[in-house]
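Please treat every number below as a calculation from the coordinates, not as lab data. The structure presented is a predicted model; accordingly, all values stated were derived computationally and were not measured. Virtual Cβ from ideal backbone geometry, glycine too; neighbours counted across all protein chains shown.
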Amino acid sequence: MFLTNPISLLFVAAGVFVVLRLLLRGTTLLYLLKKWWRSIDDRFHVYQFYKVPEYNQSFEENQLYRKISTYLSSLASIEESDFANLFAGQKSNDIVLYLDSNQTVHDTFLGARVSWKNEMRNDGTNNSRTFVLKIRKRDKRRILRPYLQHIHSVTEDIEQRRKEVKLYMKTETDDRYGGGRWKSVPFTHPSTFDTVAMDSDLKNKVKSDLESFLKSKQYYHRLGRVWKRSYLLYGPSGTGKSSFVAAMAKFLCYDLYDVDLSKVSDDSDLKMLLLQTTSRSVIVVEDLDRFLDEKLTAVSLSGVLNFMDGIFSCCGEERIMVFTMTSTEHIDPAIMRPGRIDVHIHFPLCDFSAFKNLANSYLGLKDHKLFPQVEEIFQGGATLSPAEVGEIMIMNRNSPNRALKSVINALQTNVDVRRGCSGKQGQRFSESASGRSRDEPRDSISGGGSGVICRESVHTVREFRKLYGLLRRSTRKSGTFNLSSGEKEKEEDGGRLTI
Ligand SMILES: Nc1ncnc2c1ncn2[C@@H]1O[C@H](COP(=O)(O)OP(=O)(O)OP(=O)(O)O)[C@@H](O)[C@H]1O
Ligand SMILES: [Mg+2]
């Protein structure tokens, strides 16, 4: 009734307008009040200023200037500066803000407030740019050094994340002492932790293990250990081991060094290869069991063991080593001894849960009327590798129905083969199936029920506990954890994660 009257409508509209104006004025007012308060506050403190020019006296670029520019761009407060320049970043959808000339950005560190001004001067011929740090004198002693170190580590981290990941392979030429033993190409493998179908708990454990490794420099140094972490990925062919290595390198933004043992001429060649890898890299040795079992490499077992222990890595650290195998069964116990490879991850053949993961990512299926049938067949013991299931799904991606029927057929064939029938297709699948039983480690207990299953090497863990019991008592906090899927995380010693 009230709103149908044009005069009252006019009053309401005018009221809304006035409130809006007040609100908008309020924000401006608030901003101005803040600014005034800061300038008043500034008058009651004594400040110290530090200049960071873009170039030094010899007109060489000042690296610190570049780092500070990167650091300031990463601050959320840069958005509050009156003027900032917008640039496209290196990755698509990436937009980077840079402080405009003579603009100020504020930062806080250890409870102290500091500000940076991007000063631009024109001396008639040249423009010179300088960052000026303004810091309270009373905070200077306490925070200056740690603040600059903080800037250094933040920018290192950002630069690491921005850089293009490279894949290094051994060069054909045996230029042993002349350097250049590796050639690189951009690493464009599409695999990520999201695309590898495996138990999500396990994935998260691996991710947090990698993250905790990255933060453990001091811890490793205190123990007198090389700052490296090694992983063993084992399981039948086509279960995602290589894809997982690629996902690890991408997750860390580390370069990947692929050590092809068939191309290594002897132990010292292997040594030199390791010496010429850079820090912050993933070094992968694929199919280690095959090379050692079938003597397909000129490298000796002791050469491999020394390589694993990383004693040659004199010049850089922060390395991840990954070894892949189809089976741990016939491998020399020296390789499996506790402390040599920190994390063991088993990649099993596909089960129903992994199948559902694959159906979701390859076919966009969360559920389907044929799922119960697929589950039943899996429960009957049939299995395929994720690679085989993926292949069938890609071939039939336009018809999910046909894709699932083909998977059911393939699983059925697999069951028949296991029961003694023969056939060309079945032969292939039976290899995978028998691969799994071969691969079951005798000393393992099963963990999670889906995707890649966690297994824990019982006797090795027990030995390891004995060996490092002393260490555990003497160190207040261990840098890593011993986890097993489905169990709660337990703090453990020495850093072996058996999955
Ligand atoms: N768990 C998985 N999740 C998603 N895709 C997978 C998985 N396992 C295998 N695949 C797919 O199968 C193909 C082969 O996988 P990959 O090369 O990683 O297996 P692998 O275990 O390294 O095999 P091999 O032991 O023969 O080297 C890849 O294209 C990959 O995308
Ligand atoms: Mg592989």
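Can you work out the PRE-style zone for A88? Point 7 Å along Cα to Cβ, and I want the residues of the range 51-73 with backbone N under 16 Å.
none
Through the Karplus equation 6.51 cos²θ - 1.76 cosθ + 1.60, θ set to phi - 60°, convert the phi angles of the range 62-78 into ³J(HN,Hα) values in whole Hz; use x for Gly and Pro.
7, 4, 5, 4, 4, 5, 5, 4, 5, 5, 5, 5, 8, 7, 5, 5, 5
How many nm is it between the label spots at D41 and Q379, if each spot is 7 Å from the Cα in line with the beta carbon?
6.5
Need one number: nm distance between label points at T278 and M336, each 7 Å from Cα along Cα→Cβ, rounded to one decimal.
With each label placed 7 Å out from Cα toward Cβ, I get 3.7 nm.
Applying 1/(1 + (r/R0)^6) with R0 = 45 Å to the Cβ-Cβ distance of L33 and Q218, what FRET efficiency is obtained, to the nearest 0.05?
Details: r = 44 Å, r/R0 = 0.99.
That gives a FRET efficiency of 0.50.
Which of the trypsin sites (Lys or Arg not before Pro) found in the range 298-384 are in a DSSP loop and have at most 13 neighbouring Cβ atoms, other than their own, within 10 Å? Can you show the working numbers first?
Details: sites: R319, R340, K356, K366, K369; in loops: R340, K366, K369.
Here the trypsin sites (Lys or Arg not before Pro) that fit, given the DSSP loop and packing criteria, are K366, K369.
Gap in Å between the Cα centre of the range 235-294 and the Cα centre of the range 68-97?
37
Can you list residues from other chains, or at least 5 along the same chain, whose modelled amide H is less than 5 Å from the amide H of D255?
K166, V282
Within the range 47-75, find all residues whose amide N lies under 14 Å from a label point positioned 7 Å from the Cα of I95 along Cα-to-beta-carbon.
Nothing falls inside the zone, counting backbone N under 14 Å.
Once you've got the Cα coordinates, tell me which of K67/K271; K166/K241; K228/K250 are over 23 Å apart.
Working: K67/K271 35 Å; K166/K241 19 Å; K228/K250 17 Å.
From the list (K67/K271; K166/K241; K228/K250), the Cα-Cα distance tops 23 Å for K67/K271.
Work out how much length L296 to H368 would gain on full extension: take 0.36 nm times their residue separation and subtract the Cα-Cα distance, in nm to one decimal.
Numbers: separation 72, 0.36 × 72 = 25.92 nm, distance 4.62 nm.
Between L296 and H368, full extension yields 21.3 nm more.
What would the Debye formula give as log10 I(q)/I(0) at q = 0.15 Å⁻¹ for the alpha-carbon point model of the range 47-162, no solvent?
-0.71
Bin by bin, in steps of 5 Å, what percent of the Cα pairs in the range 217-287 do you find, going until the bin that has the longest distance?
Calculated P(r), rounded to whole percents: 3, 13, 20, 21, 21, 14, 6, 1, 0.
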